[in-house]
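Everything on this sheet refers to the single structure shown next.
Derivation of every value follows stated rules applied to the coordinates shown; laboratory data play no part. What you see is a predicted model, and the numbers here were worked out from it, not measured in a lab. When we count neighbours, we look across all protein chains shown, and the Cβ atoms used for this are built from the backbone with ideal geometry, even at glycine.
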Amino acid sequence: MTDYDSITARNVPEATTVLKSAKVAIAGLGGLGSNIAVMLARIGVGKLFLVDFDKVEPSNLNRQHYNTKHLGMYKTEALKNQIGLINPFIETEILTIKVEEENAAEIFADYRIVCEAFDNPQYKSILVNALLQNGNTKIVAASGMAGFDSANRIKTECRFENLYVCGDYVPAAEGGIGLMAPRVAICAGHQANMVVRLIMNIKKV
Amino acid sequence: MCVNGIQIALERQISLQDFLLKEGYNTSRVAVEKNGGIISKKSFETEMLNDNDKLEIVNFVGGG
């Protein structure tokens with residue numbers, strides 16, 4: 001068996017102690033959220049709070065961090081299981097619920113860093129607007145990561161004081177463009193890295 | 001008026017709601033700051049824009 005320090009041995013050393021005492025919420029566990037969660041688990045973020053209402057289906061497997069064994073499981077449970085195998089020394093709390101305008105602020109009230117990782121643009125907007133009402137929550141959101149256009153078009157921007165947005169702003173479904181693992185994972189990487197920077201108290205993109 | 005860093009001439013006073021629609025935004029998919037403060041969606045219709053305002057409009061598109 002192993003331990004927390006061995007798993008994080010190749011981290012940036014001064015980051016690890018800060019990451020270990022950090023907690024991050026992730027809203028939506030699809031292509032973005034599942035990959036963000038796994039990345040943050042690997043580097044030892046002390047507590048992850050994972051929220052989604054959906055179950056794993058075959059069409060998720062082209063970009064989301066699940067496998068055929070997870071089909072039919074709630075994404076919250078499938079992801080918690082995987083994190084338990086990758087880094088069992090962090091805390092993972094899950095909540096299987098649909099985030100709506102009415103419950104969003106309450107669900108994430110204990111978190112100062114929240115990743116918006118939904119697929120549906122209306123729900124992205126609902127979550128971001130609900131959380132921005134509370135002036136001390138930093139939101140790392142995503143808008144646009146479809147297709148296989150240049151990876152370099154995906155950017156992280158600080159749009160409001162408390163809102164970072166990663167993506168290229170090109171829509172998926174309506175534009176007739178599909179979603180595929182590489183660009184979705186690139187966008188998830190942008191979000192995860194911005195989360196690390198915020199944990200390290202770096203607000204600059 | 002300054003919108004997402006670009007200067008736009010405002011011919012007449014207009015509500016935020018009407019401005020967003022005129023510019024082609026779907027108001028259920030945005031987040032808007034005016035002069036550094038978040039504007040709740042409930043206030044879009046009553047929030048009037050002036051030529052010296054600074055707007056930041058974040059447009060959310062599908063995919064994740």
Run the reach check for A:Lys20 against aspartates and glutamates, Cα to Cα strictly under 15 Å, same-chain hits fewer than 8 apart removed. What comes back? A:Asp3, A:Asp5, A:Glu91
FRET efficiency for A:Cys158 and A:Lys69 from the Cβ-Cβ distance with R0 = 41 Å, rounded to 0.05, comes out at 0.60
Counting C-alpha atoms alone, how compact is the protein assembly as shown: give Rg to one decimal and Dmax as a whole number, in angstrom. 18.9, 69
Could you run the Debye sum over the Cα atoms of the range A:13-130, one equal point scatterer each and no solvent, and tell me log10 of I(q)/I(0) at q = 0.18, 0.24 Å⁻¹, two decimals? -0.89, -1.40
Only helices counted: for chain A, with every DSSP H run of 4 or more residues adding -39500 (n - 2.57) and the sum spread over all residues, [θ] at 222 nm is -10000 deg cm²/dmol
Given 37 °C and 0.692 mPa s, how large is the Stokes-Einstein diffusion coefficient of the range A:117-195 in µm²/s, with Rh as the Kirkwood radius over Cα pairs? 256
Among B:Gln13, B:Asn35, B:Gly64, the residue whose Cα sits farthest towards the positive end of the charge dipole of chain B, when +1 is placed on the Cβ of each Lys and Arg and -1 on the Cβ of each Asp and Glu, is B:Gly64
Between A:Tyr4 and A:Lys204, what length in nm is gained on full extension when 0.36 nm per residue of separation is reduced by their alpha carbon distance? 69.1 nm
What is the spin-label model distance, in nm, from A:Glu101 to A:Lys55 if the labels are put 7 Å beyond Cα along the C-beta direction? 3.0
For the range B:35-44, in residue order, the Karplus 3J(HN,Hα) values (coefficients 6.51, -1.76, 1.60; θ = phi - 60°; whole Hz; Gly and Pro = x) are 6, x, x, 5, 9, 6, 4, 4, 9, 4
Neighbouring Cβ atoms within 10 Å as the yardstick, rank A:Leu19, A:Leu79 fewest first. A:Leu19, A:Leu79
Furthest towards positive pole of dipole, A:Val99, A:Ala146, A:Thr16, structure part chain A, Cβ charges: A:Thr16
Magnitude of the Cβ-charge dipole (Lys and Arg +1, Asp and Glu -1) of chain B about the Cα centre, nearest 20 debye, reported as 180
Here D for the range A:1-80, in µm²/s, from Stokes-Einstein with a Kirkwood Rh over Cα pairs at 4 °C and 1.567 mPa s, works out to 96
How would you classify the range A:65-205 from its alpha-carbon gyration tensor, with a ≥ b ≥ c the square roots of the eigenvalues: rounded for a/c under 1.5, else prolate if a/b is greater than b/c, otherwise oblate? rounded
Give a residue-ordered list of calculated ³J(HN,Hα) values for the range A:87-99 (Karplus: 6.51 cos²θ - 1.76 cosθ + 1.60, θ = phi - 60°; whole Hz; x for Gly, Pro). 9, x, 9, 10, 8, 10, 10, 10, 9, 9, 7, 8, 7
Karplus-derived HN-Hα couplings along the range B:21-29 (A = 6.51, B = -1.76, C = 1.60, θ = phi - 60°), whole Hz, x at Gly and Pro: 5, 4, 7, x, 7, 8, 5, 7, 10
Hey, rough spin-label estimate for B:Ile8 and A:Glu14, points 7 angstrom out along Cα→Cβ, what's it come to in nanometres? 4.3
Excluding residues on the same chain fewer than 8 positions from A:Lys98, give the lysines whose Cα lies under 17 Å from its Cα. A:Lys55, A:Lys75, A:Lys124
So for the pair A:Glu91, B:Gln17, with labels modelled 7 Å out along Cα→Cβ, what separation do we get in nm? 4.4
Out of residues 5 or more away from A:Phe160 or on other chains, whose amide H comes under 5 Å of its own, with H placed 1.01 Å from N in the peptide plane? none
Under 18 Å from the 7 Å Cα→Cβ point of A:Asp110, by amide nitrogen: which residues of the range A:9-51? A:20-28, A:45-51
